[in-house]
Amino acid sequence: MIRLTGTALRVGARTPLTLVLAVTGAVVVTLVGALAIPAGSGQRLYNDAAQLAAGALAAFVCLTAAREHRGLRSRWRTLLGFGLTGWTLARLWWVARDVLDPGRATGVGPADFGFLILPVCVFLALLAMSAALPRPVRASLPRDRVVLVIDSVLITGSLVALAWSALPHRVFREVGESPWAAGVAAAYPVADLVLIVMALLVLASRPTWRPARATLMLAVAGLVALGCSDTVRLLTLSTGTLTPLQATGYLLGPALLAVAALTNPGTAAPPAVDKLEADWLHLILPYVPVVATGIVIAVRTGAGGQLTSYEAYLGWLGLGLVVARQMFTIVDNTVLLARVSEGQERLHHQAYHDPLTGLANRALFRERLALALDSYRYQGLPVALIFADLDDFKLINDSFGHAIGDRLLRAIADRLRTCVGPADLVARLGGDEFAVLLEHRAGEADPIAEAMLAALRAPFELDGHTVAISASLGLVRPHLGERDLSADILLRRADAAMYASKRRGKNALVRYAGSADGGPNADLPHLLMRALAGSPADYGFEVHYQPIVHLADETVLAVEALARWNDPIAGPVDPEVFVTVAERAGLVAAIDDFVLDRACSDAAALAATYGRPIDVHVNVSAARLGQHGLAQGVLAALHRHDVPASRLVVEITETKRIPDLSRAVEVTETLRRHGVRVALDDFGSGYNALAQLHSLPIDIVKLDSSLTDVDVAPERAGALCRSVLTICADMGVAVIAEGIETRERAVDLAGLGCKLGQGYLFGQPRAVHRLVEVVPAQPGPDRGGAATSGRAPSPSGGGPAPSDAAAVPAGGGSAGSSSRSPAGTSARWRPPQGP
Ligand code: C2E
Ligand code: MG
Ligand code: MG
């Protein structure tokens, strides 16, 4: 025997076995009653007692099963248990009467009210069950319940009406009892039918949660069994007792309801459902019998039949229910539509916004930009685009972690929002790139960009950390009369301007000027590739030279070779810009090689210009220092043009970090071993700082103009310059001050101990044939190479050896001997008279 205690109830997991046991039990009891017990009062007592036992057992099972569950799952089992208890107590009343009054009438009596407890409780249990099983489309629960009841009543009413019209009325007359008793007896099968329809509707409208199907199907089977016996009882009300076979439903019904309570569809939450699968069935199902009934009634009245007033009232009631049902459907649909449009809005927002900052994403930005350009094209409405890239954001992530990095991006987004108006669009295009589209206030783009720079400069307080950041900004507007611009072109231009800002030292705004004035040009990568793929000179590449002088007497000691590009299409392009673009495109080596080759081939012309061999400085991008073949390429160029290595100085322009420092040291040493000197360009800006001085074996340091700005903060700049000069002197490294534009600065720097300088004051970069120079009458024999010689003497011969490394006085700065002014020198550079 199965012990129906808590754990044993898990037998529910084996529903088929329980089902077989329940059905077999009911069949056996029925057969025993039918075959072994003689008809009459004994058989009636047997039937009632068996039903009493079945009801009691089923009630017990349901109530015990309810304790195994929580919430709604427990509630519907409890309700079922109560219903069965009421039903059992009514049976007990019958059994007592069977014993006390064996010859009693079998009609309707007070016990029937006990029986009616069961359908009421099953009704409530089904409502609880329907709430426990979510509908594919989530609707409001109360509305869902009301619709379920209306549907059940509508369908049942229609079915009853159909039965009423289809069955010969004699069948009902044969019931023979008083209308009251017939009504009560008829209430059972009608109630059973309502409940069966209800259970089937729940089954049909919740197709996605399969585990619950077995429970509902068993409940339906139980109700069908009860309904069959109830119907037979109604039809045999006048004839008396039911046979055991006719009363099987009263055994099977409770048994199947108990098995339904034992099923255990698992404790997992029902799956989240969002499909409309089979919901159409739920929508149209109630109307099928209504329509069928309508047709039958129409046919009947059409054939001359009359509707009784009851039938007419019921018809009106049915109509009212249909209208009510329709209202609920409309409300449901409205809610659904609202939800769909909400969902669409959410999807749209997700597709067009950056989840981290909530700003517009690249897709939305491009769309809005394209629309703005259309308005510009057809209505002339101005448009401006600001592109911002955070400077060294990677360092923030590396030092503070990605969580702080994310919070910083959010805080930056907030600050950028405050810089623009409600009609302007701020977007995060990806990583650390932001963009602003100004449609209505395009004329205010400049102050807005400045406000953005200022807003980002203020440090951010994040989780107790003070984080400082800056951004490089590119601003672009369509040029006058430029109507056919695409969003892509404008974005490329803004990007080019932003990179120009990076190249110029970051944390600044660069306006895109296009090709006309040498500013950033978005088509440059393409044009540059074309120019450098063939012969650069054919595409406007040339080399200009700028003198490097003794500050004491302004004698020219060397020249720096600087690339110039006057593209046939783009026009003259700023070197800062094309070098940046070349670095990004991996093309800078081609520029360096072109300049080196041209500088070597111009060596003779330079010597002729100055009346003596002169040193040439060429720039080499730091990114190339780690590459193989650099030293070999330099030596090959020298060899090709027969220029002594001692005449060449390679300036490392470190706009990018040296990728492999140990390899860079190797390359530098190889060059120096061959007599080529190495200079650290733009010292004090970008990546070229003290650390490089320590790691790289170099001969010369070129002080960036930002360090030598003695005019602005004389004391601090003076102290800084003096310190750097002392350090370099101690290390035996020569120093050249860059960017000297005024006589005052030249004098101040010379006063601080700086011997060598370069700047517009002494001459702008010019083509070799335009370096018209009054040559010093008698240049010192060692003047040329020695001036910028550092600590390494050139081993190579040829030309005046840079032998005065020894002449660099300890602590006295570079080129001490070179400061001697050559007799009768008039090598002073006259400031240029225009380009
Ligand atoms: P750089 O190597 O520091 O070159 C000096 C830059 O300062 C030149 O700019 C020169 O025109 C400018 N300059 C010289 N005197 C003054 C002055 O008194 N005031 C001001 N404001 N500027 C002065 P340029 O020619 O525009 O070159 C810019 C940079 O482009 C160079 O800086 C160098 O880093 C890079 N570059 C130029 N040619 C090449 C090249 O062939 N290869 C590589 N890798 N980089 C190059
Ligand atoms: Mg340079
Ligand atoms: Mg420089």
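The values are calculated or read from the model by the stated rules, or taken from the named source; none is laboratory data. Predicted model only: the values in this text are computed from it and were never measured. Here the Cβ is made from the backbone with ideal geometry for all residues, glycine too, and neighbour counts use every protein chain on show. These area figures cover heavy atoms from the full protein model, side chains too; ligands, DNA and RNA do not enter into them. Shrake-Rupley method; radii C 1.70, N 1.55, O 1.52, S 1.80 Å.
Figures for the structure shown
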| read-out | value |
| --- | --- |
| Contact order normalised by residue count of the stretch 456-581, Cα under 8 Å, 6+ apart, percent | 21 percent |
| Solvent exposure, largest accessible area first (probe 1.4 Å, DNA, RNA and ligands not counted), of 203, 317, 416 | 317, 203, 416 |
| Listed residue pairs exceeding 25 Å between alpha carbons, taken from 506/702; 394/702; 506/755 | 394/702; 506/755 |
| Residue-span extension gain [residue 691 to residue 113] - 0.36 nm each, minus C-alpha spacing | 198.2 nm |
| Largest-first ordering by accessible area, 1.4 Å probe, given options 346, 511, 143 | 346, 511, 143 |
| Phi to ³J(HN,Hα) by Karplus 6.51 cos²θ - 1.76 cosθ + 1.60 over the stretch 73-87, Hz, x for Gly, Pro | 5, 6, 5, 5, 6, 4, 4, 4, x, 4, x, 5, 5, x, 4 |
| Computed accessible area, residue 748, all protein chains, 1.4 angstrom probe, square angstrom | 70 Å² |
| Largest-first principal axis extents of the Cα set of the stretch 440-565 (Å) | 54, 47, 26 |
| ³J(HN,Hα), Karplus 6.51/-1.76/1.60, whole Hz, each residue of the stretch 146-152, x for Gly, Pro | 4, 4, 4, 5, 4, 4, 5 |
| Computed FRET value (nearest 0.05) for residue 507 with residue 344, which takes r as the C-beta separation and R₀ as 51 Å | 0.75 |
| Stretch gain in nm, segment residue 145-residue 660, where the contour uses 0.36 nm per residue and the Cα spacing is subtracted | 178.1 nm |
| Förster radius 51 Å - calculated FRET efficiency between residue 743 and residue 486, Cβ distance, rounded to 0.05 | 0.50 |
| Spin-label pair residue 378/residue 641, simplified geometry with 7 Å Cα→Cβ offset, distance in nm | 5.8 nm |
| Long-range amide H partners of residue 737 with built H, under 5 Å | 703, 756, 757, 758 |
| Linear extension gain, residue 292 paired with residue 406, 0.36 nm per residue minus alpha-carbon span | 34.6 nm |
| Taking the stretch 689-750 and dividing mean pair separation by its residue count, relative contact order in percent (alpha carbons under 8 Å, at least six apart) | 43 percent |
